[in-house]
Each structure stands twice: as structure tokens, then as C-alpha cells.
1. If you check residue B:227 against the conditions, is it farther than 26 Å from residue B:131 by Cβ and touching a helix residue (DSSP H, G or I) at 6+ places or on another chain (Cβ under 6 Å)?
2. Inside segment A:165-199, can you point out the residues that are under 18 Å from residue A:38 (Cβ atoms), among the aromatic types (Phe, Trp, Tyr) and assigned to a strand (DSSP E or B)?
3. Considering only segment A:257-309, state which residues are modelled with pLDDT of 85 or more and among the charged types (D, E, K, R).
4. Among the residues of segment B:133-157 satisfying the criterion of being under 20 Å from residue B:106 (Cβ atoms) and of a type in the set (Val, Ile, Thr), which is surrounded by the most Cβ atoms within 10 Å (Cβ to Cβ)?
5. Considering only segment B:93-108, state which residues are part of a helix (DSSP H, G or I) and within 9 Å of chain A (Cβ to nearest Cβ).
6. Could you check how many residues of segment B:22-58 are surrounded by fewer than 16 Cβ atoms within 10 Å (Cβ to Cβ) and touching a residue at least 60 places away in the same chain (Cβ under 8 Å)?
7. How many residues, within segment A:251-268, are assigned to a loop (DSSP other than H, G, I, E, B) and either among the charged types (D, E, K, R) or crowded, with 24+ Cβ neighbours inside 10 Å (or both)?
8. Quick one: how many residues across segment A:430-445 are among the charged types (D, E, K, R), facing chain B (nearest Cβ under 7 Å) and more than 16 Å from residue B:161 (Cα to Cα)?
Amino acid sequence: MSSSVESLVNREYKYGFVTDIESDLAPKGLNEDIVRLISAKKGEPEWLLDWRLQAYRNWTRMAEPHNWPNISYEPVNYQDLRYYAAPKTTTPLGSLDDVDPKLLETYTKLGIPLSEQKLLAGVAVDAIFDSVSVGTTYKAKLAEQGIIFCSFGEAVREHPELVRQYLGSVVPAGDNFFAALNAAVFSDGSFVYIPKGVKCPMELSTYFRINQAETGQFERTLIVADEGAGVSYLEGCTAPKRDANQLHAAVVELVALDDASIKYSTVQNWYAGDADGKGGILNFVTKRGKCAGTRSKISWTQVETGSAITWKYPSVILQGDDSVGEFYSVAVVNNRQQADTGTKMIHVGRNTRSTIVSKGISAGRGQNSYRGLVKVLPRAANARNYTQCDSMLIGNRCGAHTFPYIDVQNASSSTEHEASTSKIGEDQIFYLKQRGLNTENAISMIVNGFCKEVFKELPMEFAVEAQKLLGVSLEGSVG
Amino acid sequence: MTMLDIQDLRATAGDAEILKGISLTINAGEVHAVMGPNGSGKSTLAQVLAGHPSYTVTGGSVTFMGNDLLDMEPEERARAGLFLAFQYPVEIPGVTNAYFLRAAYNEIRKARGEEEVDPMDFLDVLEAKLKIVEWGPEIMSRAVNAGFSGGEKKRNEILQLALLEPRLAVLDETDSGLDIDALRIVAGGVNKLRSTGRSFIVVTHYQRMLNYIVPDHVHVLAGGRIVKSGDKALAHELEARGYEWVEALHGVPA
């Protein structure tokens with residue numbers, strides 16, 4: 001439509017730089033020895049090594065999913081990847097007092113200052129660089145209220161009883177192909193425990209950064225909110241531009257006990273590959289929360305704009321009576337990106353309620369699929385679900401697909417499903433241009449309006465970031 | 001002062017030539033009615049002036065306040081002071097009218113070298129403008145045109161006209177689909193905005209709106225050409241005799 005837009009499509013992915021830092025690398029390939037090596041590097045107890053090995057054995061009997069998701073990708077050569085990469089530093093990681101300046105500089109470039117003078121106000125950050133946590137901010141301040149926020153490795157050392165109690169309790173080691181792989185080789189991640197009755201006074205956040213080439217990132221996050229506790233958690237991610245695909249197979253487990261609430265927000269901006277679909281992150285992630293207690297609440301909000309391929313279904317098991325599950329999602333595909341994403345709401349307890357709001361935006365030659373399951377088990381009397389699933393198409397070479405599954409086994413429950421598909425029209429853009437807006441701002445306004453119900457669920461600073469990101473992802477999408 | 005000078009303008013949509021050589025000069029402060037039967041090209045003229053991408057200009061020239069209008073992007077035309085009140089205003093779900101109007105207002109202000117206004121100050125600006133279309137502030141929290149009645153959409157167009165204060169306003173069948181009360185409000189709004197420095201092109205099929213917005217000149221379009229021009233009396237004659245009269249007069253097939 002306008003040449004100014006076309007020129008913007010080639011704007012660089014601004015997080016595509018590589019940090020030149022020497023790394024401690026595991027040899028390529030995956031076998032039991034690699035699993036043992038990772039466990040040994042992290043000084044793990046025997047039970048955790050056994051858990052990893054069991055997961056590895058499960059994994060060897062499982063197959064990479066190719067048939068059911070609406071995505072196509074070359075099978076990953078798991079023997080050609082490295083499963084551990086840690087920056088070599090003179091001082092031990094985990095303390096921010098004397099972190100390698102190169103690492104600090106990396107995070108500053110990403111807009112995540114870690115040095116104490118420049119901390120993000122009101123947000124505590126755990127920074128994960130390849131396989132390890134670089135450091136966690138505000139740790140001491142949070143500890144005053146009994147809140148544990150640290151890297152997964154540190155949690156295993158310092159709080160083994162909590163980790164052992166909850167690890168794998170929501171996503172078992174053999175849950176699916178990628179979750180089993182993660183359980184075998186996960187390197188680091190974040191651990192959060194909010195004690196009884198404590199509302200976490202600040203947003204907690206993890207920032208994931210893949211730097212090393214030919215390395216997978218397999219982080220694991222575990223968040224436990226004890227009775228009456230509450231926490232809001234943010235996750236952000238970027239990676240350098242590389243020609244080859246990079247695998248990211250993470251697991252996130254959330255546990256909410258009686259009257260607890262967890263809000264988990266993601267703005268995912270992994271490198272998406274170039275306009276021809278070369279390179280980019282394969283984002284194969286298992287995220288699941290368990291509303292274990294009565295009146296507990298788990299809410300997922302995700303804004304997915306990056307990755308070459310996204311395979312991700314943040315879900316909630318509504319086990320406690322009167323528990324609430326929510327899923328708010330914006331998924332954007334442009335160029336050759338593919339996304340198969342959605343959620344599962346499993347109603348187990350009575351009077352459980354779930355809400356699903358999914359906004360899929362397809363541009364370029366992108367293919368976007370919503371895949372959702374609403375399952376109401378026989379005991380889940382008066383369960384209620386509301387699903388709204390909207391797709392927006394920009395241009396005429398992209399695709400939007402919807403695969404909603406509804407399985408109801410209790411007659412007193414109710415489920416609602418609404419769906420719509422719309423196309424950003426030339427007429428909408430022209431209308432806004434006639435009022436003085438340029439094409440870029442016009443598209444941004446239309447798309448942000450479309451995503452409004454999801455953006456309002458994001459914490460303030462994140463919502464602003466998400467709106468900007470959406471603008472950048474869609475630049476040049478109207479030709 | 002000449003506001004708009006159209007010379008031998010030709011335009012196509014796809015393979016079809018719709019405007020076949022239109023010439024029209026509009027001075028500052030004048031109101032010109034462009035009338036014609038369906039398919040005569042009058043809405044196309046409005047869209048071409050605003051720069052709609054569905055039309056290709058194949059000949060002629062348009063000068064707007066001394067500048068080559070056809071060389072400008074649609075948003076540049078808007079910023080230069082050309083406003084189109086749409087026949088079918090577009091819905092923008094999820095975007096509040098207040099947000100949209102302020103964004104447009106600030107774009108126009110920036111183009112004039114004026115400061116942008118923040119949401120609070122904008123409310124004060126709006127208050128006066130809302131009176132012009134006899135509206136309360138509740139319309140501001142609704143999504144742009146989404147679920148608006150036909151009358152509300154047209155009122156919203158006139159509200160934007162009042163807010164953006166263009167030099168030239170093109171009203172494309174603003175009367176279509178309006179009941180008599182809405183027509184009175186919309187036309188009343190336009191009349192309040194008439195001034196010596198502002199010109200209007202009022203595109204309409206029917207004479208009835210011209211009872212409220214009295215034009216200085218009336219032009220009849222048929223088959224992509226202006227076949228007759230006159231003063232307001234011409235509109236009444238058309239009402240009485242029908243468009244077949246001018247079409248027959250100029251050998252245009254009905």
C-alpha cells in the first residue's frame with residue numbers, strides 16, 4: 001500500500017546481537033552421560049539425577065510431535081545439539097556484586113539493567129543466560145517476607161524439600177516429548193515460593209537470553225503460591241539472529257494452594273527467522289498450572305510475536321472447588337512464522353470457572369492455529385467456561401485456523417464458545433489515513449484495538465512493551 | 001482565493017473509467033453541491049480527492065491551496081486540510097472514539113506546527129465540539145463507529161469535521177440513511193462550521209439536504225462528467241424533473 005511501510009519490513013531484529021564471551025560447553029549429543037554431566041555440573045543430589053535419568057529413558061521411547069500440530073518443521077537432530085552452555089566467568093554466578101561486565105552490558109542492551117543502581121523499580125529480575133542464571137535482583141528484600149525467588153539451581157541446593165515436593169507435580173517428567181526432554185536436561189530457570197498469606201509486593205520477572213550457537217535452551221520454572229498467597233510473574237525472551245534454528249524447550253509449572261493466586265505474563269520475542277523462514281527459534285514449551293486449592297486462581301497472559309515455530313498450550317488444571325483459570329493470548333505470525341498455540345482448561349472441582357480469550361493475528365505468509373481443550377470431568381458440577389477466539393488476517397497469503405475441543409462429562413456445567421475471523425481492510429486503513437495517521441500508526445491502532453481485551457490483563461509496563469512489539473512485528477505486513 | 005482547482009480529471013477503478021474529464025474550481029468559503037444519479041461518479045470524485053487506493057488517476061490535475069494534491073499520500077492530504085466525511089464510516093473495534101479522535105487531532109496539530117494535547121486537555125477541546133452535533137460525552141468511550149446506528153456514524157463524521165477544522169470538507173452522501181431529526185442535527189452542524197475560509201463539496205443524490213445546507217453552486221454529474229452547473233435553483237429543478245432530464249439532455253445512457 002505504501003512504500004514507507006515496505007521499507008520498514010526490513011528493519012533489523014534489534015535484539016539479534018551476540019555477546020562475545022567464552023563459554024563452558026558440554027560436548028554435542030545426548031545420552032545418559034550428558035544427563036549425568038549436567039547434574040554433576042550443578043552439584044545435584046542423587047534423587048534429582050535419578051529423576052532426570054528416568055525422564056531421559058521415557059524420552060527415548062517417545063516421538064517428536066509432527067502429526068497433530070498444524071506446523072511443519074524438519075525433525076530436530078538431537079545428537080547435533082549441545083545441552084549445556086554457561087558463560088565462563090572468574091567469579092561465581094548468582095551474585096550480582098561482581099558479575100562479568102560483558103553480561104551486565106548484554107542485559108543493559110536488552111533494556112534489563114541488573115546493576116543495583118539501575119534496577120527496574122518494582123520488578124525483581126532473574127536473568128537467565130543460556131543454561132545458567134546470571135543473577136537475581138531484590139533477593140534480600142523479598143526474603144524479608146519469606147519469599148523465595150532464586151535460580152532453580154540455587155533452589156535445589158537451598159530448598160531441596162520444596163523442590164522435591166513440587167517438581168513434576170504439574171508437568172510430570174514423561175508428560176510429552178519436549179517436557180521429557182526438558183526434565184532430562186534442564187539446566188536452570190527460576191524458582192518462586194510465596195509463603196502463606198503473603199502477597200508479593202513487586203512483580204517477579206525472568207528474562208531468558210539464548211546466546212550460544214547450536215545450543216538448546218531448556219529452562220524450568222516452578223512457582224508455588226501457598227495458602228492465601230499472591231504473585232504476578234513476568235517472562236521475557238530474546239535471542240541472537242542465527243541462520244540455523246535453535247531449540248527452546250522449556251517447562252513452567254505453577255501450583256496455587258487454597259485461596260492463592262498466580263498471574264503469569266509472557267511477552268515472547270524470540271528471533272523469528274528471516275523473511276524467507278531461515279533460522280529462528282523453535283519454541284516448544286509446556287506450561288501448566290494447577291489450582292490445587294479451593295478458591296485458587298491461575299491466570300496466563302501471553303503475547304507471542306517471535307519464534308519461527310511456536311508450540312505452546314499454557315493450561316490450568318482446576319482441581320480445587322471454586323477455582324478459576326484464565327488464558328489471555330495474542331499470537332502474531334508474520335513472514336514464514338508458524339504458531340500452534342492455545343490452552344487446556346481441565347475442570348475437576350465443583351463450581352470451577354475458566355475464561356479463554358485468544359487473539360490470533362496472521363500476516364505475510366504466516367500460519368496461525370488456535371488449539372484449545374475445555375474438559376469438564378464428571379465431578380465438576382456447575383463448571384463454567386467461556387471461550388472467545390478471534391482471528392485477524394492481514395493480506396491474503398496468510399492463514400488462520402481454529403481447533404477447539406470441548407469434552408463435557410457433567411450435565412450441570414456450561415460452556416460457551418464464540419469465534420470470529422476478520423481481515424484488516426484497506427478501507428479501515430484508508431479511513432485512519434484520511435484522519436492524518438500514517439499507515440504504520442493506522443495498522444497499530446487497528447491491531448491494538450483487536451487485542452485490547454488481552455492487553456488490559458498485562459501489567460502496565462508490559463502492556464506498553466507489548467503494544468510496541470506488535471507494531472514492530474507487523475511493520476510492512478500490508479503490501 | 002482558489003481553494004481547489006480540478007482540471008480534466010480522469011480516474012479508473014480496475015478497467016472501468018469512471019471519471020471522464022472533470023473540471024471544477026472552488027473558492028474559499030464556497031459550498032458546492034455535486035449531484036447525480038447512482039453510478040454517475042460523484043462518490044468516486046470524493047474518494048479520488050481523498051486519495052483512495054482503489055482508484056487510479058489517469059489524467060488531469062488537482063491543485064489544492066496551490067499544491068499538487070495528486071502527488072500527496074492520503075494522510076498528507078488530511079494534514080494539509082482536506083477532510084472527507086465518509087458515506088460508510090468504518091468501524092474500528094476495541095479503539096475508543098476518544099483515543100481515535102485525539103490521535104487524529106494531534107496528527108493534524110503536528111502538521112500545523114502546534115503542540116500535541118494530552119488526554120485531559122483534549123476533553124476540554126471536545127466539550128465544545130460535541131455541542132456542534134448535540135452530543136454528550138458518553139459517545140467517547142464507545143469503540144469507533146462499532147455498533148453505531150447510521151445516524152450516529154454520520155454525526156461522528158461531522159464531529160470529526162468540527163474537531164479537525166479542515167480547509168476543504170467533502171461530504172460524501174452524508175444525508176443517506178438519515179431520518180429527519182438526524183439530518184437536521186448533521187446539517188445544523190455543517191452550517192455552524194461554514195466560514196469564509198472553509199469550502200465544502202456536498203455530494204448528494206437528493207435535494208433534501210440542500211434545503212438545510214444551501215449551496216452557492218450546484219453541479220450535475222452524469223456518466224463521469226459535469227453535464228450542468230447552476231445555482232441552488234438547479235437542485236430544485238432536478239428534484240422536480242428527475243435525473244433522466246439531464247441525462248437525456250446530454251445523451252448519457254440511463
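1. Numbers: farther than 26 Å from residue B:131 by Cβ: yes; touching a helix residue (DSSP H, G or I) at 6+ places or on another chain (Cβ under 6 Å): yes.
Against the criterion (farther than 26 Å from residue B:131 by Cβ and touching a helix residue (DSSP H, G or I) at 6+ places or on another chain (Cβ under 6 Å)), residue B:227 qualifies.
2. The one that is under 18 Å from residue A:38 (Cβ atoms), among the aromatic types (Phe, Trp, Tyr) and assigned to a strand (DSSP E or B): A:191.
3. A:258, A:259, A:263, A:287, A:288, A:290, A:295, A:297, A:304
4. Per the stated criteria, the residue is B:144.
5. In the first step, residues of segment B:93-108 are kept if they are part of a helix (DSSP H, G or I); the result is B:97-108.
Matches in segment B:93-108: B:99, B:100, B:101, B:103, B:104, B:105, B:106, B:107, B:108.
6. Restricting attention to segment B:22-58, the residues satisfying the condition of being surrounded by fewer than 16 Cβ atoms within 10 Å (Cβ to Cβ) are B:23, B:25, B:27, B:29, B:38-39, B:53-54, B:56, B:58.
Going one step further and asking which of them are touching a residue at least 60 places away in the same chain (Cβ under 8 Å), we end up with B:23, B:27, B:29, B:38.
Of the residues in segment B:22-58, 4 are surrounded by fewer than 16 Cβ atoms within 10 Å (Cβ to Cβ) and touching a residue at least 60 places away in the same chain (Cβ under 8 Å).
7. Quick first cut of segment A:251-268, residues assigned to a loop (DSSP other than H, G, I, E, B) only: A:257-260.
Add one more test, that the residue is either among the charged types (D, E, K, R) or crowded, with 24+ Cβ neighbours inside 10 Å (or both), and what stays is A:258-260.
Adding up the residues that qualify gives 3.
8. Here is the first cut: in segment A:430-445, the ones among the charged types (D, E, K, R) are A:433, A:435, A:440.
Keeping just the survivors that are facing chain B (nearest Cβ under 7 Å) gives A:433, A:435.
Filter once more, keeping what is more than 16 Å from residue B:161 (Cα to Cα): none.
Within segment A:430-445, residues that are among the charged types (D, E, K, R), facing chain B (nearest Cβ under 7 Å) and more than 16 Å from residue B:161 (Cα to Cα) number 0.
The values are calculated or read from the model by the stated rules, or taken from the named source; none is laboratory data. Just so you know, these numbers come straight off a predicted model, no measurement behind them. When we count neighbours, we look across all protein chains shown, and the Cβ atoms used for this are built from the backbone with ideal geometry, even at glycine.
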